[in-house]
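Please treat every number below as a calculation from the coordinates, not as lab data. All figures in this text were calculated on a predicted structure; none of them were measured in a lab. Using ideal geometry, Cβ is built from the backbone for each residue, glycine included, and neighbour counts are taken over all protein chains shown.
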Amino acid sequence: MGLGKIFSRADAIGGLEISDDALRFALLKKGRLGLETEILVEEKLDNQKKIPKLEALAKKLSLFAKKNHIKYIIASIPTNNIFVKLYSFPANISKEKINESMALNVELQLPQKKSDIYCDWMEIEKNEINQKVLLSYIKKDYAENLINILKKSGLKLVALENHALSLSRIVKQTKDEALLLLEKDEDNISFSVIINNNLIFSQSIPQTKIGDNLKGEISRVINYHGWFDISIKQLALLGDFSPQEIKKMPLKPITLEKIDNQKNEKINPKFLIVLGAAKRGLIPRKDDVIISLMEIGTEKAYAHEKANLNANFLISTSAVLATFFVLIFFATWSFMSIMQNNYNRRISSLSLLPGSENGILLKEKADNFNSLISQANAMGGQEVVWSKVIEEIRSKTNDNVKINTLSLPDATGLLTISGTAKDRDSINNFKKSFEDSDLFGEINIPLNNLGKKEDIPFSLTFKIKNSELIHKQ
């Protein structure tokens, strides 16, 4: 593992769409013109209709994740696997009361037992009159099976949601004009309603039940009396609908567009779901209150996986340091053996020479040898615990500073860190954090690249205040 990866935040979160026909992956970043796509790829699936069959793809996913340096994902799965229901409350009810009411609804009103599901809810809209809360749940065994498959591939699941929720985050909409989304797979057709980029309704119906009455089912959803003042005037399709089915539909389907497509990229609508999931990955974990159908929320799930990553890092570092010290020991032992052999040979040759001058030379050689032996013993008796230095540096590093190289010649010499800082204030704060350390001293950052305001390269030198603090006797 390189130092850049050790000290930079290897926490990019991408989106993974799981569909009947393909796996799609996307990674976004924030650019000057809005969101920019770093990775957008697709892996076709052959007859992989059910999630358990994805176990055969664990190895492929593992290679795929390593190739793209991705560990954390927001997974988006077909809408028919998730139940969705909208609740409305008066605007003056507190968040605590709403949570109490929703918890009671989960216990008493859902068609599944609480012990058999993962359930979550979120506020999607609030005005002066009311506030709307969207509830969703998934069968626990389905979710756990999926999570285990992803674990086998080395992917860490941060959040789990459905296609319609992912799409609602990224699709371009006219204000207050609702969109009816039809998502077709091999067994079901899911009907989802999105307004102002909020998912408010989802229902999945088996195709065998719909039969030839797809037009009637669409009209039933559009004219549902519970919409009140909501007008559904747009229809979008995902999946393989026949020309005959499309011709009979009460609304002409539109082509979906990306909401923040400032660069006017030509994006295939089939990628909008995974882009919506990837967009959620850019939300700070502490601010992500979106529905996630897992045992724990997104912030806790992400913190848990980060703790595992840090633990693995420390284990790997300890193993490397242990190997290093073993090599030092054998190098010291070899050095001492060579010196002793040389000394014995010199003694043998000196013993053949006559006179007192040879006796003086012999004493000088013996004194030099004893000095070397003492130095070697000192090398073998003291071990530098570099992990203390590394942990101290990690504690001083934040999101605004990325470390590229670290030079640690010895415990008493000049140590050097080079990297890139977000701006000049970040460099100053980084230097001050080192100056506040009880372990580091003689901190210096030369003033270079004065003309740059962002992504400033820097080089920081420092020394260990007391080398005994990092020696193990």
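A few points about this structure:
- Net charge over other residues, Cβ less than 15 angstrom from the Cβ of Lys248 (K, R count +1; D, E count -1): +2
- The aspartates and glutamates within cross-link reach of Lys465, meaning a Cα-to-Cα straight distance under 19 Å and a gap of 8 or more places when in the same chain, are Glu383, Glu391, Glu392, Asp410, Glu435, Asp436, Asp438, Glu442.
- For the range 57-161, the relative contact order is 45 percent, taking Cα pairs closer than 8 Å that sit 6 or more residues apart in sequence and dividing their mean separation by the residue count.
- Taking label points 7 Å from Cα along the Cα-to-Cβ direction, Asn213 and Ser459 give a separation of 7.8 nm.
- Cα gyration tensor shape for the range 3-295, rounded if a/c is under 1.5, else prolate or oblate: rounded
- The range 386-472 - percent relative contact order, Cα under 8 Å, separation 6 or more: 31 percent
- Global form of the range 105-160, assessed from the alpha-carbon gyration tensor, a/c cut-off 1.5: oblate
- Ordering of 267-276, 433-442 by burial proxy (mean other Cβ atoms within 10 Å per residue, highest first): 267-276, 433-442
- Proximal charge balance of Asp455 [Cβ under 12 Å; K/R count +1, D/E count -1]: +3
- For the set Lys175/Lys252; Lys30/Lys151; Lys71/Lys266, the pairs lying more than 21 angstrom apart at their alpha carbons are Lys30/Lys151; Lys71/Lys266.
- Neighbourhood charge, 13 Å Cβ-Cβ cut-off, centred on Ser437 and excluding it, Lys, Arg +1 and Asp, Glu -1: +1
- Ordering of 141-148, 98-105 by packing [mean C-beta count within 10 Å, highest first]: 141-148, 98-105
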